[in-house]
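The values are calculated or read from the model by the stated rules, or taken from the named source; none is laboratory data. Computed from a predicted model, the values in this text were never measured in an experiment. All Cβ positions, even for glycine, are placed from backbone atoms using ideal geometry, and neighbour counts span all protein chains on display. The accessibility values were calculated without ligands, DNA or RNA, using every heavy atom of the protein model including side chains. Shrake-Rupley method; radii C 1.70, N 1.55, O 1.52, S 1.80 Å.
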Number of protein chains: 2
Amino acid sequence: MKLASLRGGRDGRLVVVSTDLTRATEAAAVAPTLQAALDDWAQAAPRLAELAEALEAGLVPEIRFRERDCLSPLPRAFQWADGSAYVNHVALVRKARGAEMPPSFWNDPLIYQGGSDGFLAPHAPIPFLDEKYGLDLEAEVAVVTDDAPLGVAAGAALGHVALVMLVNDVTLRGLTASELAKGFGFFQSKPASSFSPVAVTPDELGAAWSGGKLALPLLSFVNDAPLGRPDAGCDMTFDFGALIAHAARTRALAAGSIIGSGTVSNRAADGGPGRPIAEGGLGYSCIAEQRVVETLRGGAPRTPFLKPGDRVRIEMRDAAGRSIFGAIEQAVAARGA
Amino acid sequence: MKLASLRGGRDGRLVVVSTDLTRATEAAAVAPTLQAALDDWAQAAPRLAELAEALEAGLVPEIRFRERDCLSPLPRAFQWADGSAYVNHVALVRKARGAEMPPSFWNDPLIYQGGSDGFLAPHAPIPFLDEKYGLDLEAEVAVVTDDAPLGVAAGAALGHVALVMLVNDVTLRGLTASELAKGFGFFQSKPASSFSPVAVTPDELGAAWSGGKLALPLLSFVNDAPLGRPDAGCDMTFDFGALIAHAARTRALAAGSIIGSGTVSNRAADGGPGRPIAEGGLGYSCIAEQRVVETLRGGAPRTPFLKPGDRVRIEMRDAAGRSIFGAIEQAVAARGA
């Protein structure tokens, strides 16, 4: 099934969405909000699935579904923990900075605790604060868990994946290096993220969801020009089971915890950095990685970070070309807007 | 006024507590939970204050208030961001590790994003996972904000402090160094924190709340032996206004955001590390700092970290010796319990 949160209050109004993303039906009789459904997921999930079936069959009242009416599926969450599972991305970024990546990064997942008190709506503008901050997108996959116990193993952890969605983990590149150096993790360099209009249960993904990875191209665009289409199932060093197990090593994860994959990144066939889309490669899921490759190849970055008026789109299509999650579609706001 | 969350559901049941912490009255008519009250704080706060007055006057139904019936005031929160405002503490810990503290730490606040999806109750046992993890307490002061806008200045930020409370920021010392080295901040080294039974509005603190600091001794005990009684108003390099402004530099803070002071720590009169309580000093708010001082003075730490069965108590008393927030009182659970 597919779920979304329409505008209404701080936590939105839960609806079940048709598979083709054209229609929706109110889910208030099951749970008023997605968080409330997740708080009682064992009871709520089967009832929401029934509602989804009834919606497909035209048996329940329906409204027109518009992605622009959506908040993020969880408009605010009790946890947003973002991994860096595509270690290729980390290695590349460090290389461009002339910094060595510790070899342990290939075995020990990197996860930072992100701010979760307020997410941007999937079609809301991204605030633009300061040119120096280097505004960037990061296209990622994320899962939402139900209650996952302390110390859950990676295999069992996958049983706690309730929903899957896409993320734009908005990043201020000009602030990351100094925050990394302080050791306390990202804070000011990570303003509010946004999530895809729709969150889906793993069964909606069919064979593409396997081994805790989502094996489909993640499409990113800037001003309608394709930036990246890497396969989220490739080069993911730590699958979602490993990420959840890492996060739950010393504390339980409460229902509604969002765990992110980190920026999706594929290597080229020769093992080196992927090539840009314009050269027939799979491109990148953030501008920083494109700039890194430009620097490694030409000595300097050429692609600028985002500026007011720029537009970002992130989506994923199934084998038949149909949008699975709807699109994150955001314009960068005017300065100070 | 003083507020608490009694057991009941994931978010507890909001009650107003008498100033002397002996009685309480249900606040459901105003808001079912503390988060709901904070979501509409401008409306809810005056009504809760009226209820508090009526409770003191014996005009409303009342129940016996017991600290052991409490959850943390926010049993789960949308944000827990913890500073290191007592830079003295950071400098000492680094010194003992033989690491240099960057001078910028005196001007640029350190804040990490903490896990907030589930806090321990103030009298709940602390899980004990592994001897190697080095289980420690950290006694701190924290504030809860209402909606604080993006870019709020330090002075104006203090107007967004809705509530004040105490924290035990439970820390696994054996895991901090490697997480600091990774740069992504604390994650596994910070299991669930616990907060004082009662959260209070700043006006309850009288003159002790001044300039964004709480100028009273913060009392910590391990197995009933005093560990520390530093004044939380002394040596706080960044007041709560500065911490909130730092946290809100690139994103708004939503109502119910918890901002922590970091481990409270006072220097000795000569500017050096404070002396242990046993030697007439003000002691420490965590075992790690006591061990650091032992190491600096005697070459090795003598005080062990917490083990199963150990008991921790954290509280603060007003000038007349009355408990303000109730006490955090936790036993360390048996291994694997």
Of all strands (runs of 3 or more DSSP E) completely enclosed by region B:213-315, which ones contain at least 1 residues that are touching a helix residue (DSSP H, G or I) at 6+ places or on another chain (Cβ under 6 Å)? B:225-228, B:257-260
Members of region B:122-135 that are in contact with an Asp or Glu (Cβ under 9 Å, 6 or more places away or on another chain) and away from every other protein chain (no Cβ under 12 Å): B:Pro122, B:His123
Looking at region B:94-101, is at least one residue buried (at least 20 other Cβ atoms within 10 Å of the Cβ) and acidic (Asp, Glu)? no
Report yes if some residue within region A:50-69 is within 14 Å of another protein chain (Cβ to nearest Cβ), open to solvent by less than 60 Å² (accessible area, probe 1.4 Å) and modelled with pLDDT of 95 or more; otherwise report no. no
Checking the structure you have, find out if any residue of region A:204-215 is more than 14 Å from every other protein chain (Cβ to nearest Cβ), at positive phi and surrounded by 19 or more Cβ atoms within 10 Å (Cβ to Cβ). yes
Checking A:Arg94 against (1) away from chain B (no Cβ under 11 Å); (2) assigned to a helix (DSSP H, G or I); (3) out of contact with any Ser or Thr (no Cβ under 8 Å at 6 or more places or on another chain); (4) not hydrophobic (A, V, I, L, M, F, W, C), which test does it fail? (1)
Please work out which one of (1) within 14 Å of chain A (Cβ to nearest Cβ); (2) of a type outside the set (Phe, Trp, Tyr); (3) crowded, with 21+ Cβ neighbours inside 10 Å is the condition B:Gly183 fails and give its number. (3)
Find all pairs meeting these conditions: Cβ atoms under 8 angstrom apart; at least six residues apart or on different chains; first residue within region B:243-261 and on the phi > 0 side of the Ramachandran plot; second residue part of a helix (DSSP H, G or I). B:Gly256/B:Leu34; B:Gly256/B:Gln35; B:Gly256/B:Leu38; B:Gly256/B:Asp39
Scanning region A:165-180 for residues that are charged (D, E, K, R) and either more than 14 Å from the chain's Cα centre (by Cα) or not assigned by the TED database to the domain that holds A:Leu216 (or both), the one surrounded by the most Cβ atoms within 10 Å (Cβ to Cβ) turns out to be A:Glu179
Residue in region A:323-337 that is nearest to A:Arg68 (Cα to Cα), counting only those that are assigned to a strand (DSSP E or B) and open to solvent by 20 Å² or more (accessible area, probe 1.4 Å): A:Glu329
Go through the residues of region B:151-164 one by one and say whether even a single one is out of contact with any Phe, Trp or Tyr (no Cβ under 8 Å at 6 or more places or on another chain), open to solvent by 50 Å² or more (accessible area, probe 1.4 Å), closer than 22 Å to B:Ala45 by Cβ and not aliphatic (A, V, I, L, M). yes
Is one or more of the residues making up region B:127-135 aliphatic (A, V, I, L, M) and over 29 Å from B:Arg297 (Cβ atoms)? yes
Within region A:2-16, tally of residues that are surrounded by fewer than 23 Cβ atoms within 10 Å (Cβ to Cβ) and more than 14 Å from every other protein chain (Cβ to nearest Cβ): 3
Would you mention how many residues in region A:4-48 are touching a Gly at 6+ places or on another chain (Cβ under 8 Å) and of a type in the set (D, E, K, R)? 1
Just checking, does region B:124-142 include any residue being closer than 26 Å to B:Ala44 by Cα and either outside any helix (DSSP H, G or I) or of a type in the set (D, E, K, R) (or both)? yes
Looking for something aliphatic (A, V, I, L, M) and away from chain A (no Cβ under 14 Å) - is there at least one such residue anywhere in region B:228-237? yes
If you go through region A:240-281 one residue at a time, how many are away from chain B (no Cβ under 14 Å), in contact with a Leu (Cβ under 8 Å, 6 or more places away or on another chain) and open to solvent by less than 20 Å² (accessible area, probe 1.4 Å)? 7
Could you check region A:186-199 and list, in sequence order, the residues that are out of contact with any Pro (no Cβ under 9 Å at 6 or more places or on another chain), among the small types (Gly, Ala, Ser) and surrounded by 24 or more Cβ atoms within 10 Å (Cβ to Cβ)? A:Ser193
Go through the residues of region A:148-171 one by one and say whether even a single one is touching a helix residue (DSSP H, G or I) at 6+ places or on another chain (Cβ under 9 Å) and within 29 Å of A:Arg335 (Cα to Cα). yes
Please list, ordered by first then second residue, the pairs with beta carbon atoms under 6 Å, 6 or more apart or interchain, first in region A:71-97 and within 21 Å of B:Gln113 (Cβ to Cβ), second among the basic types (Lys, Arg) and not in a helix (DSSP H, G or I). A:Phe78/B:Arg76
Name every residue in region A:19-38 that is over 21 Å from the mean Cα position of the chain (by Cα), surrounded by fewer than 20 Cβ atoms within 10 Å (Cβ to Cβ) and in contact (Cβ under 8 Å) with a residue 40 or more places away in the chain, in order of residue number. A:Thr22, A:Arg23
In region A:169-183, which residues are touching a Gly at 6+ places or on another chain (Cβ under 8 Å) and under 15 Å from A:Thr263 (Cα atoms)? A:Asp169, A:Leu172, A:Arg173
Looking only at residues that are more than 17 Å from A:Glu329 (Cβ to Cβ) and in contact with a helix residue (DSSP H, G or I) (Cβ under 6 Å, 6 or more places away or on another chain) in region A:188-199, which one is farthest from the other protein chains (Cβ to nearest Cβ)? A:Ser189
Hey, B:Gly118 hits all of (1) touching a helix residue (DSSP H, G or I) at 6+ places or on another chain (Cβ under 9 Å); (2) more than 30 Å from B:Gly299 (Cβ to Cβ); (3) small (Gly, Ala, Ser) but one; which does it fall short on? (1)
